[in-house]
Amino acid sequence: MVRLFYLLAATTLLSCSNRSASNTAVSTTTEVKQSIPTTTTPVFNADSAYCFVEKQVQFGPRVPNTEAHRKCGDYLAEKLEHFGAKVHQQTMTVKAYDDTPLSARNIIGSYHPEAPKRILLFAHWDSRPYADHDANPTKHKTPIDGADDGASGVGVLLEIARHLGEKAPEIGIDIIFFDAEDYGTPEFVQEYKPDTWCLGSQFWAKNPHVPNYNADFGILLDMVGSKGATFYKEYTSMRYAARYVDKVWDTARNLEYGKFFINADGGAITDDHQYVIAGRNIPCLDIINTNPEAEHGFGSYWHTVNDNMQIIDRETLKAVGQTIMEVIYNY
């Protein structure tokens with residue numbers, strides 16, 4: 001995950017809004033229950049999603065140019081194929097903030113590729129090479145496990161793919177695991193460079209796996225697995241995909257997941273959805289855990305060595321996964 005801005009003035013897409021953390025209003029304090037999906041929607045298995053998250057972490061930090069990264073990428077492609085998707089892999093060399101060439105790949109699984117009506121689901125699968133927000137400065141150049149920041153979104157999508165392989169809705173579904181999202185300019189570098197994050201989605205937006213690719217809308221999952229996560233309505237999502245944001249949040253509330261999906265505005269986040277919107281003109285929303293009380297806007301583990309399996313919570317994975325499945329199976 002990249003950067004969040006609590007916006008104060010309407011000047012640019014990513015640093016402009018009169019929304020701020022101070023005027024957030026939590027919509028509900030309803031306790032989460034084991035909600036029952038509609039009869040047309042399969043039951044999301046949180047234990048299975050947890051195992052998919054854990055498997056990624058077991059490879060080690062999935063930093064481009066490493067063996068752990070290569071092995072995990074092979075695993076993800078194999079799982080999508082095993083779950084019945086038509087798999088595309090985009091390999092590319094992109095440049096990091098310091099001009100390091102990164103061997104990267106986007107991994108794409110399509111269901112009903114012939115269907116004109118489509119939903120795009122995506123997450124990033126790489127992990128950050130730097131724990132640059134860790135309380136211990138000696139760890140700032142340590143790669144992180146990225147259990148939540150990267151692996152959780154992919155884990156939820158793999159569990160959804162498992163169900164799609166058994167019984168997919170009639171519409172087309174595309175699942176994309178974007179690479180090189182989290183190699184952006186670190187805090188210990190003096191000069192911040194824009195557009196150094198989300199390199200995989202930037203590449204795909206200019207070079208989609210299908211010529212002239214389009215979808216009705218897209219949903220990005222980023223940091224969707226930690227205990228006590230709260231998902232606010234992200235600013236760029238509301239600007240370009242408000243009707244779909246409301247659809248997802250209303251669905252979550254109807255499933256009694258309101259304590260996770262907060263009916264209040266959040267800040268704007270530089271994330272993969274931004275580049276999909278700009279490059280493909282597809283309305284997209286970002287489901288991402290944010291904390292308005294934190295200085296940087298995220299959980300205390302964000303970009304630290306504490307982003308590991310100890311923070312991953314099955315209840316959060318369930319809330320996100322069941323909500324997304326309810327949306328796509330009843331669209």
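Percent relative contact order of the stretch 130-192, based on C-alpha pairs within less than 8 angstrom and at least six residues apart? Spell out each step's value before the answer.
Working: 28 pairs, mean separation 20.0, N = 63.
It rounds to 32 percent for the stretch 130-192.
How many nm is it between the label spots at residue 135 and residue 305, if each spot is 7 Å from the Cα in line with the beta carbon?
Modelled inter-label distance: 1.3 nm.
Residues with amide H under 5 Å of residue 128's amide H, sequence separation 5 or more or different chain, H placed in the peptide plane at 1.01 Å from N; which?
144
Name the most mobile residue of 201, 103, 237, meaning the one with the largest mean-square fluctuation, in a Gaussian network model of the chain with Cα contacts below 10 Å.
Between 201, 103, 237, it is 103 that shows the largest mean-square fluctuation.
Give me the extension gain from residue 142 to residue 43: residue separation times 0.36 nm, minus the current Cα-Cα distance, reported in nm with one decimal. Each step should come with its number before you reach the end.
Working: separation 99, 0.36 × 99 = 35.64 nm, distance 3.79 nm.
Stretched out fully, the residue 142 to residue 43 stretch lengthens by 31.8 nm.
Among 308, 186, 198, whose Cα projects farthest towards the positive end of the dipole of the stretch 181-331, with charges put on the beta-carbon of Lys, Arg (+1) and Asp, Glu (-1)?
Value: 198.
Take the Cβ-Cβ distance between residue 167 and residue 243 as r, set R0 to 30 Å, and report the resulting FRET efficiency rounded to the nearest 0.05. Could you put the intermediate results ahead of the total?
Details: r = 27 Å, r/R0 = 0.89.
E between residue 167 and residue 243, to the nearest 0.05, is 0.65.
With each pseudo-label sitting 7 Å past Cα toward Cβ, what's the residue 93-residue 193 distance in nm, one decimal?
1.6
How high is the FRET efficiency from residue 81 to residue 58, r the C-beta distance, R0 25 Å, rounded to 0.05? Provide the component values of the computation, followed by the final result.
Working: r = 20 Å, r/R0 = 0.81.
Efficiency at R0 = 25 Å is approximately 0.80.
Restricting to DSSP loop positions (anything but H, G, I, E, B) with no more than 16 other Cβ atoms inside 10 Å of their own Cβ, which trypsin sites (Lys or Arg not before Pro) remain in the stretch 118-162? Don't jump to the answer; show the numbers that get you there.
Details: sites: 118, 139, 141, 162; in loops: 141.
Passing both the DSSP loop test and the Cβ count: 141.
Using Cα centres only, tell me the gap between the stretch 38-100 and the stretch 197-237 in whole Å.
15
For the stretch 190-331, what is the charge dipole size about the Cα centre, in debye to the nearest 20, if Lys and Arg each add +1 at the Cβ and Asp and Glu each add -1 at the Cβ?
Values: 12 positive and 18 negative charges, 65 e Å.
Approximately 320 debye in magnitude.
Output the pairs from 55/139; 79/141; 117/193; 71/95 with a Cα-Cα distance over 29 Å in this structure; if there are none, say none.
Numbers: 55/139 24 Å; 79/141 31 Å; 117/193 37 Å; 71/95 21 Å.
Check vs 29 Å cut-off fails for 79/141; 117/193.
Placing +1 on the Cβ of each Lys and Arg and -1 on the Cβ of each Asp and Glu in the stretch 36-84, which of 59, 77, 42 has its Cα farthest towards the positive end of the resulting dipole?
Of the options given, the answer is 59.
What number, in percent, do you get for the relative contact order of the chain if the mean sequence gap of Cα pairs under 8 Å and at least 6 apart is divided by its residue count?
On the way: 763 pairs, mean separation 88.4, N = 331.
About 27 percent, as a whole number.
Take every DSSP beta bridge with both residues inside the chain and express the antiparallel ones as a percent of the total, to the nearest 5. Provide the component values of the computation, followed by the final result.
Numbers: 20 of 38 bridges.
Restricted to the chain, the bridges split so that about 55 percent are antiparallel.
Rounded to the nearest whole Å², what accessible area per residue is found for the chain with the 1.4 Å probe?
Details: 13220 Å² over 331 residues.
That works out to 40 Å² per residue.
Under a Cβ-only charge scheme (Lys and Arg +1, Asp and Glu -1), can you give me the dipole magnitude of the chain about the Cα centre, in debye to the nearest 20?
Working: 30 positive and 42 negative charges, 112 e Å.
It comes to approximately 540 debye.
Round to a whole number: what % of the accessible area of the chain belongs to carbon and sulfur, probe 1.4 Å? Spell out each step's value before the answer.
Working: 6260 of 13220 Å².
On the chain, the fraction of accessible area on carbon and sulfur atoms equals 47 percent.
Can you show me the helix-derived [θ] at 222 nm for the chain, built from DSSP H runs with n ≥ 4 at -39,500 (n - 2.57) apiece and divided by the number of residues, rounded to the nearest 500. List each step's numbers first, then the result.
Working: 7 runs with 96 residues, N = 331.
Only helices count here, giving -9500 deg cm²/dmol.
The values are calculated or read from the model by the stated rules, or taken from the named source; none is laboratory data. Here the structure is a predicted model, which is why all the values come from computation and not from measurement. Heads up, the Cβs are rebuilt from the backbone with ideal geometry, glycines too, and the neighbour counts pull from every protein chain shown. Ligands, DNA and RNA are stripped out before the accessible areas are found, and what is left, the full protein with its side chains, is counted by its heavy atoms. Shrake-Rupley method; radii C 1.70, N 1.55, O 1.52, S 1.80 Å.
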